[in-house]
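Okay, so here's the structure we're looking at.
What follows draws every value from the coordinates through simple rules; no lab data is involved. Since this is a predicted model, take the numbers as computed values, not measurements. Cβ atoms come from the backbone with ideal geometry, glycine included; neighbour counts cover every protein chain shown.
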Amino acid sequence: MIGKKVEAAFNDQINAEMYSAYLYLAMAAQFDAMALEGFAGWMRAQAQEEMVHAMKLYDHIQERGGRVILQAIEAPPSEWDSPRVMFEDALAHEKVITQRINDLADLADQEKDRPAANFLQWFIDEQVEEEKSADDVVQKLKRVEKAPGMLYMLDRELGQRASTAPAAEGD
Ligand code: OFO
């Protein structure tokens with residue numbers, strides 16, 4: 001059975017993951033408005049992954065006899081100055097999520113909750129990927145600024161994710 005402290009912290013993390021989905025969907029909407037469909041597809045896939053993250057937490061609480069309590073999801077920003085700023089914000093956001101996951105792992109240790117600690121290992125590994133994939137695009141966008149025509153090539157490249165990545169499976 002899940003303890004009350006871990007249950008509450010996991011419920012908070014469901015909210016953080018749903019906010020992540022909202023944030024990336026807001027970014028997708030701006031890319032769609034800019035007719036950068038590849039970038040938009042990348043962000044849509046990312047938003048779907050975040051919902052999978054939220055559901056993993058939901059299921060963990062549920063499977064261990066806890067109670068899922070959903071909270072209001074904060075509205076994300078609706079506008080960014082450039083694709084680079086969007087991906088820099090995405091990277092900054094992932095770093096915040098990494099810190100949250102690390103804090104959850106510390107809590108699971110303090111509470112001697114081994115199933116939660118074991119469960120969180122997947123998220124710890126996932127955050128390495130999450131930070132890397134956002135940072136990779138930031139680096140590419142920095143190079144694109146010197147040759148703006150490359151933006152459309154990068155758009156095509158990122159569009160591959162939407163068609164090939166198993167986004168709905170979350171890994
Ligand atoms: Fe982006 O990893 Fe969940 O929030």
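Taking the Cα centre of the chain as origin and assigning +1 to Lys and Arg Cβ atoms and -1 to Asp and Glu Cβ atoms, the resulting dipole is close to 40 debye.
Ranked by the mean number of other Cβ atoms within 10 Å per residue, highest first, peptides 81-91, 47-57, 123-133 order as 47-57, 81-91, 123-133. Summary value for the chain: 35 percent relative contact order, contacts being C-alpha pairs under 8 angstrom separated by 6+ residues.
Rounded, prolate or oblate: which fits the chain, taking a ≥ b ≥ c as square roots of the Cα gyration tensor eigenvalues, rounded meaning a/c under 1.5, else prolate when a/b beats b/c? Cα axes put the chain in the prolate bin.
Run lengths n ≥ 4 of DSSP H only: what is the helix-derived mean residue ellipticity at 222 nm for the chain, with -39500 (n - 2.57) per run over all residues, to the nearest 500? Could the numbers behind the result be given before it?
On the way: 5 runs with 131 residues, N = 171.
Taking each H run of at least 4 residues, the total per residue is -27500 deg cm²/dmol.
Packing around the peptides 37-46, 68-77, 97-106, taken as the average count of other Cβ atoms within 10 Å per residue, puts them in this order, highest first: 37-46, 97-106, 68-77.
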